[in-house]
């Protein structure tokens, strides 16, 4: 089972040389949720003021109770900020970060319908330059839009430009 998962992830990594991996099924459809969009735009502006720049940003349909993998090539020398936002009516949202050796590095879970937040956000500095998998999921009565953004901290030379 793990070998099949590793092969699948490596295959997906090959398909995603430009960055964001979009599954070839209906839950990768582009969509728009104005509330989430406004919320994420405000967060991106706050992080921009702290020296971050957006490197990947997508809003797409996410089926309920479905793990959705996104694979990104991240650099050891960089510092990243990850933002995952879902509909505020979701009963559960989860984001797992898996390293190149298939080890779980970070697991964050929220229950937006019971709390005041529908956003998972954390900073991350990779230990090696390689492909990392972000597994997104939500539980909600109907499939809705989610937003996923990765930003990286600009180097001092980049910030001076």
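The set of residues in the range 82-109 being within 25 Å of residue 34 (Cβ to Cβ) and surrounded by fewer than 20 Cβ atoms within 10 Å (Cβ to Cβ) consists of 88, 89, 91, 92, 94, 108. Only residues that are surrounded by 10 or more Cβ atoms within 10 Å (Cβ to Cβ), modelled with pLDDT under 50 and not in a helix (DSSP H, G or I) were counted in the range 1-58, giving 7.
Within the range 125-153, the only residue that satisfies the criterion of being buried (at least 17 other Cβ atoms within 10 Å of the Cβ) and either over 19 Å from the mean Cα position of the chain (by Cα) or free of Cβ contacts under 8 Å to residues at least 60 places away in the same chain (or both) is 126. Among the residues of the range 74-109, those that are touching a residue at least 60 places away in the same chain (Cβ under 8 Å) and within 11 Å of residue 120 (Cβ to Cβ) comprise 82, 83, 84, 85, 86. If you check residue 70 against the conditions, is it crowded, with 19+ Cβ neighbours inside 10 Å and at pLDDT 95 or above? Against the criterion (crowded, with 19+ Cβ neighbours inside 10 Å and at pLDDT 95 or above), residue 70 qualifies. Specify the residue that is farthest from residue 43 (Cα to Cα); the eligible residues are those in the range 110-124 that are surrounded by 14 or more Cβ atoms within 10 Å (Cβ to Cβ) and touching a residue at least 24 places away in the same chain (Cβ under 8 Å). By that ranking, first place goes to 113.
The values are calculated or read from the model by the stated rules, or taken from the named source; none is laboratory data. As the structure is a prediction and not an experimental result, all values here were calculated from the model. Virtual Cβ from ideal backbone geometry, glycine too; neighbours counted across all protein chains shown.
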